[in-house]
1. Given 10 °C and 1.306 mPa s, how large is the Stokes-Einstein diffusion coefficient of segment 1-67 in µm²/s, with Rh as the Kirkwood radius over Cα pairs?
2. Net charge around ASP44, counting only other residues with Cβ within less than 15 Å of its Cβ (Lys, Arg = +1; Asp, Glu = -1)?
3. Write out the chymotrypsin sites (Phe, Trp or Tyr not before Pro) in segment 1-77 meeting two conditions: DSSP loop, and at most 14 other Cβ atoms within 10 Å of their Cβ.
4. Top mean-square fluctuation among GLU22, GLU38, GLU54, Gaussian network model of the chain, C-alpha springs under 10 Å?
5. Please identify the trypsin sites (Lys or Arg not before Pro) of segment 2-44 that satisfy two criteria: DSSP loop assignment and at most 13 other Cβ atoms within 10 Å. Which are they?
Amino acid sequence: MRVWFTHAAGLTSRDQEVGGFEVAGDDHNFVPATAKIEKVGESDTVLVSSPKVEFPRFVRYDWSGVVTTYLYNRAGLPAGTFTSE
């Protein structure tokens, strides 16, 4: 699943692994996912996946209430927690 951000030019994890993402299928059962920052055209995106979810439908970021990883835009502002659910 690809996550598109607005106002996130220069998206970075500041040399840390991109973490904190989870994906779920139609069953809404979220599982930890791997994530990587990719540029698509002029946009920075995050590609999120898990072998446990064949057809991801929902994604969330740092939803546990304890933020241990961060994504930043070029201005140094962190992404807030979110869910697409």
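1. On the way: Rh = 12.5 Å.
Once the numbers are plugged in, D ends up at 127 µm²/s.
2. Details: positive: ARG2, ARG14, LYS36, LYS39, ARG74; negative: GLU38, GLU42.
In short, +3.
3. Working: sites: TRP4, PHE5, PHE21, PHE30, PHE58, TYR61, TRP63, TYR70, TYR72; in loops: PHE5, PHE30, TRP63, TYR70.
Those that pass, being in a loop and sparsely packed, number zero.
4. GLU54
5. On the way: sites: ARG2, ARG14, LYS36, LYS39; in loops: ARG14.
Taking segment 2-44 and a limit of 13 other Cβ atoms within 10 Å, the loop trypsin sites (Lys or Arg not before Pro) found are ARG14.
Every number in this text was worked out from the coordinates using simple rules, so none of it is lab data. Only a predicted model underlies this, so the values are computations on that prediction, with no experimental measurement involved. Counting neighbours? That spans all protein chains shown, and the Cβs are built from the backbone with ideal geometry, glycine included.
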